[in-house]
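What follows draws every value from the coordinates through simple rules; no lab data is involved. What you see is a predicted model; the values in this text were computed from it and never measured. Every residue, glycine among them, receives a Cβ derived from its backbone with ideal geometry; neighbour counts consider all protein chains shown.
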Number of protein chains: 2
Amino acid sequence: MPAHATPSEVSATPRRDDIRAAAVRLFAERGYYGTGMRDIAEAVGMRASSLYNHVDSKQTLLREIMVATMATLLDEHERVLRTTDDCAEQLRRSMEAHVRYHARHPLEVQVGNREIASLDEPARGEIRELRRRYAQSWQALIERGIAEGRFETASAQLSTYAILEMGIGVSLWYREGGPLGESEVAYHYGDMALRLVQAAAPRPRRRAAPRSRGAAGA
Amino acid sequence: MPAHATPSEVSATPRRDDIRAAAVRLFAERGYYGTGMRDIAEAVGMRASSLYNHVDSKQTLLREIMVATMATLLDEHERVLRTTDDCAEQLRRSMEAHVRYHARHPLEVQVGNREIASLDEPARGEIRELRRRYAQSWQALIERGIAEGRFETASAQLSTYAILEMGIGVSLWYREGGPLGESEVAYHYGDMALRLVQAAAPRPRRRAAPRSRGAAGA
DNA sequence: CATACTGACGAATCATCATTAGCCTGTGCT
DNA sequence: AGCACAGGCTAATGATGATTCGTCAGTATG
């Protein structure tokens with residue numbers, strides 16, 4: 001560790017992690033501006049001024065939370081795409097991963113979705129870019145499915161957004177210990193994503209069958 | 001008009017409308033806290049102190065914007081439910097109305113979805129209650145469809161949220177003059193909503209047919 | 001004309017809040 | 001022991017922002 005490292009260059013410490021976690025919780029609950037450094041400090045059992053021994057600034061805290069969220073989602077998505085070549089299965093697994101992340105990290109994603117305007121530039125632009133890349137990655141997948149004749153949708157973009165937004169909502173309502181477990185929710189959302197693009201599912205006995213399955217009620 | 005009416009009790013005036021519109025735009029773009037009264041004032045061509053001749057406070061502005069949005073959505077939903085008795089058609093039309101509102105009033109709904117934490121109590125609780133009622137109204141519709149054997153879904157609540165959130169996203173990406181017009185978008189979302197609940201569509205020739213259509217790829 | 005009201009302005013107020021600076025204590029190292 | 005450092009505290013700083021207050025000008029009314 002360099003002698004003059006600033007807090008933001010220091011690896012995680014228990015204190016920093018506590019501060020980060022408290023910030024996530026309070027930002028999600030009260031909003032960025034509705035949360036003062038005094039509130040965060042109190043949550044970790046110290047005074048506001050002492051936070052600056054561990055973090056650069058309130059803005060840095062917010063930025064790091066949001067960048068970490070997007071980075072994880074992007075990584076997860078890339079990782080999932082590599083687990084199979086089948087576009088429908090890729091979509092299903094992508095949806096499941098997306099939903100699982102939202103179920104496990106509801107507060108982070110709520111902050112990430114709601115507090116973009118609270119970020120100063122250039123961080124705001126950076127986050128927007130990361131989000132654009134994430135959506136574009138999904139859209140490319142759906143376009144591949146369309147090109148392969150596996151998905152049927154009027155617009156890859158419309159489907160992309162519908163699917164992503166549908167999954168984002170999980171962070172708002174899912175509760176561990178509720179009627180549906182995380183895996184069930186992920187499963188249903190995977191199913192629903194395929195329905196939204198009217199995916200022809202890969203089935204062993206359907207290797208040479210016509211691909212079109214039609215819409216519900218079609 | 002009573003001699004001692006406060007601004008919030010006065011009916012709309014051009015000035016008040018201008019202020020409201022400017023607030024919607026700026027709140028959506030910069031966030032509630034990222035928007036100062038000076039910014040709103042400048043947008044309508046006056047000084048911040050003069051705004052108080054027309055509005056009670058910044059909080060009142062925010063509250064009114066958010067209440068009006070929810071009230072309209074609730075009214076629209078109720079109105080649509082009365083246009084038909086068929087649950088699938090009700091769902092389709094509800095979705096179309098929901099999406100149309102989001103397409104036409106993107107900024108209002110963005111503010112409504114993002115700035116809940118910026119509201120002081122008791123307004124915050126009131127808005128949450130309105131949102132809960134809206135979701136509950138949709139869930140009741142889906143439960144009716146399930147009870148009638150017309151919809152098939154593991155959870156009415158899960159489907160409700162998936163559908164609502166999917167539609168909310170329209171406010172983020174839809175642009176008038178884009179590749180898809182508002183009616184097309186509404187149509188596709190109506191379709192997708194039915195697919196999400198695996199609705200047995202009413203078709204003249206399917207009166208006696210088995211209702212199950214199965215999931216995509218089923 | 002005189003009066004009352006509306007609404008625009010500038011200046012000021014007051015509260016809040018992120019952050020800095022200086023001090024102190026405990027710990028580890030030589 | 002002495003020294004350096006980390007990290008906790010109090011007090012203070014400086015900026016920001018919502019709102020109030022007083023003034024003035026324009027307009028309408030009797």
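Give me the dipole magnitude in Debye, nearest 20, for the protein assembly as shown about the Cα centre, with unit charges on the beta carbon: positive for Lys and Arg, negative for Asp and Glu.
Here the size comes out at about 1220 debye.
Excluding A:Ala22 itself, what net charge comes from residues whose Cβ is under 10 Å from its Cβ, given Lys and Arg +1 and Asp and Glu -1?
So the surrounding residues net to -2.
How crowded by other chains is A:111-117, given as the mean number of beta carbons from other chains within 10 Å of each beta carbon?
4
How much mean residue ellipticity at 222 nm does the protein assembly as shown get from its helices, if each DSSP H run of length 4 or more adds -39500 (n - 2.57) and you divide by all residues, to the nearest 500 deg cm²/dmol?
-20000 deg cm²/dmol
Just counting partner chain Cβ atoms within 10 Å, what average do the residues of peptide B:80-93 show around their Cβ?
Averaged over the peptide's residues, the number is 0.
On the Cα set of the protein assembly as shown, report Rg and Dmax in Å, please.
23.5, 80
Using a 10 Å cut-off on Cβ to Cβ distances, tally the other chain neighbours for every residue of A:147-160 and report the average as a whole number.
3
Let's see if you can work this out: charge +1 on each Lys and Arg Cβ, -1 on each Asp and Glu Cβ, no other charges. What is the dipole magnitude of the stretch A:11-55 about its Cα centre, in debye to the nearest 20?
80
Please turn the phi angles of the stretch A:46-56 into ³J(HN,Hα) values with the Karplus equation 6.51 cos²θ - 1.76 cosθ + 1.60 (θ = phi - 60°), one per residue in order, whole Hz, x for glycine and proline.
Along the stretch A:46-56, the couplings run 8, 9, 3, 4, 6, 4, 6, 6, 10, 9, 5 Hz.
The stretch B:8-89: which GluC sites (Glu not before Pro) are DSSP loop and have at most 13 other beta-carbon atoms within 10 angstrom?
none
Please list, in order along the stretch B:166-178, the HN-Hα scalar couplings obtained from phi with the Karplus expression 6.51 cos²θ - 1.76 cosθ + 1.60 (θ = phi - 60°), rounded to whole Hz, x for Gly and Pro.
With the stated coefficients, the stretch B:166-178 comes to 4, x, 4, x, 4, 4, 8, 10, 5, 9, 4, x, x Hz.
Answer with one residue from B:Ala41, B:Leu158, B:Ala23: the one whose Cα lies farthest towards the positive end of the charge dipole of chain B, charges on Cβ with Lys, Arg +1 and Asp, Glu -1.
Farthest along the dipole direction, towards plus: B:Leu158.
Lys and Arg at +1, Asp and Glu at -1: add these up for the other residues within a Cβ distance under 9 Å of A:Ala43 and post the number.
Combined, the nearby Lys, Arg, Asp and Glu give -2.
Between A:Arg124 and the same site in the other copies, what are the distances in nm, shortest first, taking label points 7 Å from Cα along the C-beta direction?
Label-point distances to the other copies, shortest first: 2.3 nm.
Tabulate in residue order the Karplus-calculated ³J(HN,Hα) for the stretch B:144-158, using 6.51 cos²θ - 1.76 cosθ + 1.60 with θ = phi - 60°, rounded to whole Hz; enter x for Gly and Pro.
Whole-Hz 3J(HN,Hα) from phi for the stretch B:144-158: 4, x, 5, 4, 7, x, 8, 10, 10, 7, 5, 8, 4, 5, 4.
Between copies, how far apart are the B:Pro14 label points? List them in nm, one decimal, shortest first, with each point 7 Å from Cα toward Cβ, please?
6.7
Nearest 10 degrees is fine. How inclined is helix A:182-196 to the longest principal axis of chain A, computing both from alpha carbons?
Once rounded, one gets 50 degrees.
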